[in-house]
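The values are calculated or read from the model by the stated rules, or taken from the named source; none is laboratory data. Because the structure is a prediction, the values reported are computed rather than measured. Please note: Cβ atoms are built from the backbone with ideal geometry, for glycine as well, and neighbour counts cover all protein chains shown. Just so you know, the surface numbers come from the protein's heavy atoms only, side chains and all, with ligands and any DNA or RNA stripped out. Shrake-Rupley method; radii C 1.70, N 1.55, O 1.52, S 1.80 Å.
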Amino acid sequence: MDPVLKEQLHRGRMSFFQVRAVAVCLCINVLDGFDILVIAFLAPEIAGQWKLSPESLGILFSAGLAGMTAGSLFLSPLADVYGRRPAILASLIVTSAGMLASAFTEGLAQLAVARVVTGLGIGAMIASLTAMVAEYSSDRRRAAAVGISMAGYPIGAIFGGIVTVYLLETFDWRAVFLFGGLVTGLMIPLALVFLPESIEYLLTRRDEDTLSRVNRLLEKMKKSPLDSLPDAGLEPAPATSRVTELFAPAYRRQTALVWGAFFLTMSTLYFAQSWTPKLMVDAGFDASEGVSVGVLIQVGALLGILAIGALTARLSIYATAALLMGFGFIAMATFSLTLSQIDYLYALAVCIGLGVNAAMIALYAIVADVYPVGIRTTAIGWAIGMGRFSAVLSPAIAGFLLGIEIEAPLLFLVFAVPMLIAAGLVLLTGSGGQRK
């Protein structure tokens with residue numbers, strides 16, 4: 001990128017326009033968190049009405065995650081070809097349709113398909129949102145901005161828990177899906193008005209109107225316009241996504257390490273988020289207490305966002321992620337030993353979110369740091385996709401293990417171990433150096 005333009009975009013103070021772009025991405029992530037995690041809060045109601053076994057519930061949990069996997073792998077790379085903004089708008093439409101369809105299903109198979117559709121939209125969207133935030137943030141604030149935008153995920157989950165409890169007092173579980181679909185649909189016109197295209201993405205296109213589009217955005221950011229496109233601009237985007245570039249010599253080692261860290265962290269994360277409310281009910285607690293523990297995990301994730309901001313002021317994002325992963329392992333292991341004591345469980349649920357959920361958010365910032373803009377959304381999408389394989393498997397595996405009468409405390413301990421391994425992979429990623 002031209003040094004003068006780079007100075008304006010990434011070295012100077014973030015303008016209101018840049019902050020607003022990050023804020024819009026945050027709002028969309030709030031809806032994503034609600035849409036994908038609300039199934040964990042509704043599981044006891046649905047299981048009771050349809051008389052579902054643990055194995056069937058595991059399939060239902062995994063359905064949305066399977067859609068997210070496919071969306072991350074096969075749809076998110078399109079944002080490197082057609083743009084971040086159109087990819088996000090299309091994903092909002094798909095997600096809203098999936099949520100609305102979920103409200104009108106009549107059985108496990110229909111609901112599973114609707115959850116796959118919802119997951120497709122969310123999986124495609126997360127990578128584009130992360131790339132957009134990274135590209136509108138200054139170098140100094142990038143890790144914090146990505147973390148703040150991803151805070152929408154736990155905020156949405158907390159919101160989902162509150163809305164679920166409120167709506168279930170008057171309506172059934174279908175009303176919760178209907179509410180989520182309508183609110184997600186309302187986000188589409190807001191994104192049309194307030195969500196800009198990434199300047200860095202536009203510079204990869206070099207279309208006839210690129211200069212005028214870039215200058216209009218720079219004007220809104222109160223930055224100096226360009227007389228011409230920089231000669232040292234980014235390489236033009238390819239006609240198709242370049243997944244193979246993730247294994248070019250410069251990125252091969254980092255890609256393998258990042259994919260491994262995503263896979264392991266998501267296996268712990270989605271077990272905790274999907275099964276904890278249901279396991280609380282199975283342990284003899286009220287459904288409201290199960291939902292409360294699920295919500296407190298997300299509260300911990302929000303505290304983790306603050307921890308990321310504080311720690312990255314002194315440590316690299318790699319060391320920060322590793323510390324959070326180690327803390328997550330301790331919290332999960334301790335939770336497994338106190339599964340009958342509700343007061344301890346509330347506090348430990350916050351600790352799980354602070355460790356496991358926040359570590360996942362830190363991984364998004366790591367991917368944005370490792371890869372250049374031309375393949376950034378593809379890199380984020382495929383890293384998420386690799387992680388989603390374990391996210392799909394872990395709830396289903398947990399359901400199978402519960403079906404053969406594995407005790408819940410041992411299950412929490414088993415799913416704590418991946419956090420230790422992921423911490424080691426993250427430190428190895430950081431030792432390979434950062435790449436822009």
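Summary of computed values
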quantity	calculated
For the stretch 49-166, projected area of the alpha-carbon convex hull averaged over all directions, nm²	8.5
10 Å-binned pair-distance histogram of the stretch 387-436 (Cα, whole percent)	21, 38, 25, 12, 4
Using θ = phi - 60° and Karplus 6.51 cos²θ - 1.76 cosθ + 1.60, couplings along the stretch 319-336 (whole Hz; Gly, Pro as x)	5, 4, 4, 5, 4, 5, 5, x, 5, x, 4, 4, 5, 5, 5, 5, 4, 5
Kirkwood hydrodynamic radius over Cα pairs of the stretch 67-122, then Stokes diffusion coefficient at 25 °C and 0.890 mPa s, in µm²/s	215
Nonlocal amide H pairs with S316, under 5 Å, H built at 1.01 Å	none
Nearest-0.05 FRET efficiency for S53 and S138, computed from C-beta distance (R0 51 Å)	0.50
Tail weight of P(r) past 23 Å, computed on alpha-carbon pairs of the stretch 105-260, percent	58
Choice from S198, S228, S15 with maximal GNM fluctuation in the chain (Cα, 10 Å cutoff)	S228
Computed [θ] at 222 nm, helices only, for the chain once each DSSP H run of length n ≥ 4 contributes -39500 (n - 2.57)	-25000 deg cm²/dmol
Probe 1.4 Å, all protein chains present, accessible-area order of K220, K51, largest first	K51, K220
Cα principal axis extents for the chain, largest first, Å	68, 44, 35
Highest to lowest packing among 269-278, 103-112, 324-333, 124-133, scored as the average C-beta count within 10 Å	124-133, 269-278, 324-333, 103-112
Theoretical FRET efficiency, 1/(1+(r/R0)^6), r = Cβ-Cβ of V19 and S228, R0 22 Å, to 0.05	0.20
Selection from A143, F177, A112 lying farthest towards where the dipole of the stretch 100-188 points positive, charges on Cβ	A143
Ranking by accessible area, most exposed first, for R205, R314, R174, R142 with a 1.4 Å probe	R314, R205, R174, R142
Mean projected area (nm²) of the alpha-carbon convex hull when the stretch 326-436 is viewed from all directions	7.5
